[in-house]
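**Q** I have a structure I would like to understand better, so I am pasting it below and will then ask my questions one at a time.
The values are calculated or read from the model by the stated rules, or taken from the named source; none is laboratory data. Owing to the predicted nature of the structure, the values given are computational and were not obtained by experimental measurement. So basically every Cβ, Gly included, is an ideal-geometry build from the backbone, and we count neighbours across all protein chains shown.
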């Protein structure tokens, strides 16, 4: 098989890792790099011995697919020429600055048959992959995603920067319609919402409580799922999962369980492997454009309450 030629557009905090991993993947050629900062593009390209291009248009004829890790406001404009040409695009989360913009991209993909994937990297976290089969009909979910003040992504609310990871996971793992949303958000250090708490009620009866912050003193990325006769805990950062179950027996019921075996891996690498595999085979990526749109739509609904 010929290597899949992939270009990277945007090599800032996250995009540089796209380039690093793509350069290392087997049967993949890192075809080139584009960044609004020509000096930054040259610096990252030099690490991997690949060319830079001044504009995405120059990259168009050199690739089979692209990954886009530029600011959210330009995601769709950058992706559209590639998608319109029938080329695959992995767009970082949130996939667009609005649901209307996301629909523009998905409509173009439907016309050309192009593949669109969205960078909800937490789906590829080995702990999440291990925990998913253990989550069945949860009744209450508690999620905390707390981070220290960043130097990036301050152009969007914490809902779209951090909480959207958990929104995507909940939509996947609960698999039920949202009946109601309660939310509160506070802009503490920026004009945007820096800390938010959300309560979601699903039609299944499940209630999820989410807290996301980018102004905490420590980093916490944990989720707990409470369901009939079992409990599942995920530590995203440590890539650890604990599962406990109620075991009926004569007399007092017993509780059994403990930590699951999880083989640690870099989620972004797994995400890029999935994307390249989908481009090569024409299959659907694990996180489709429609999945990205659904997470964006719920995040927007939450933001509108603040």
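**Q** Go through segment 287-306 and give me each residue that's crowded, with 19+ Cβ neighbours inside 10 Å and not in a helix (DSSP H, G or I).
**A** 287
**Q** So if I check each of 96, 41, 79, which one is within 30 Å of residue 298 (Cβ to Cβ) and outside any loop (DSSP other than H, G, I, E, B)?
**A** One residue alone meets the criteria, 79.
**Q** Test residue 123 against the stated conditions and say whether it is modelled with pLDDT of 95 or more, surrounded by fewer than 18 Cβ atoms within 10 Å (Cβ to Cβ) and either on the phi > 0 side of the Ramachandran plot or in a helix (DSSP H, G or I) (or both). So that I can check it myself, show each step before the final result.
**A** Details: modelled with pLDDT of 95 or more: yes; surrounded by fewer than 18 Cβ atoms within 10 Å (Cβ to Cβ): no; either on the phi > 0 side of the Ramachandran plot or in a helix (DSSP H, G or I) (or both): yes.
So residue 123 does not fit the description; no.
**Q** Now a separate question. How many residues does segment 236-257 contain that are within 28 Å of residue 123 (Cβ to Cβ) and in a loop (DSSP other than H, G, I, E, B)?
**A** The first filter runs over segment 236-257 and keeps only residues within 28 Å of residue 123 (Cβ to Cβ), leaving 236-245, 257.
Of the ones still in play, those that are also in a loop (DSSP other than H, G, I, E, B) are 236-239.
So the count comes out to 4.
**Q** Still on this structure: Taking the condition outside the structural domain of residue 93 (by TED's automatic domain parsing), under 18 Å from the mean Cα position of the chain (by Cα) and not in a strand (DSSP E or B), does residue 222 pass? Lay out the reasoning, then the answer.
**A** Numbers: outside the structural domain of residue 93 (by TED's automatic domain parsing): yes; under 18 Å from the mean Cα position of the chain (by Cα): yes; not in a strand (DSSP E or B): no.
In short, no.
**Q** If you go through segment 225-234 one residue at a time, how many are crowded, with 16+ Cβ neighbours inside 10 Å and either under 23 Å from the mean Cα position of the chain (by Cα) or assigned to a loop (DSSP other than H, G, I, E, B) (or both)? Walk me through it before giving the result.
**A** Initially, segment 225-234 is screened for residues crowded, with 16+ Cβ neighbours inside 10 Å, giving 225, 227, 230-234.
Filter once more, so that each one left must be either under 23 Å from the mean Cα position of the chain (by Cα) or assigned to a loop (DSSP other than H, G, I, E, B) (or both): 225, 232-234.
Summing the residues that are crowded, with 16+ Cβ neighbours inside 10 Å and either under 23 Å from the mean Cα position of the chain (by Cα) or assigned to a loop (DSSP other than H, G, I, E, B) (or both) in segment 225-234 gives 4.
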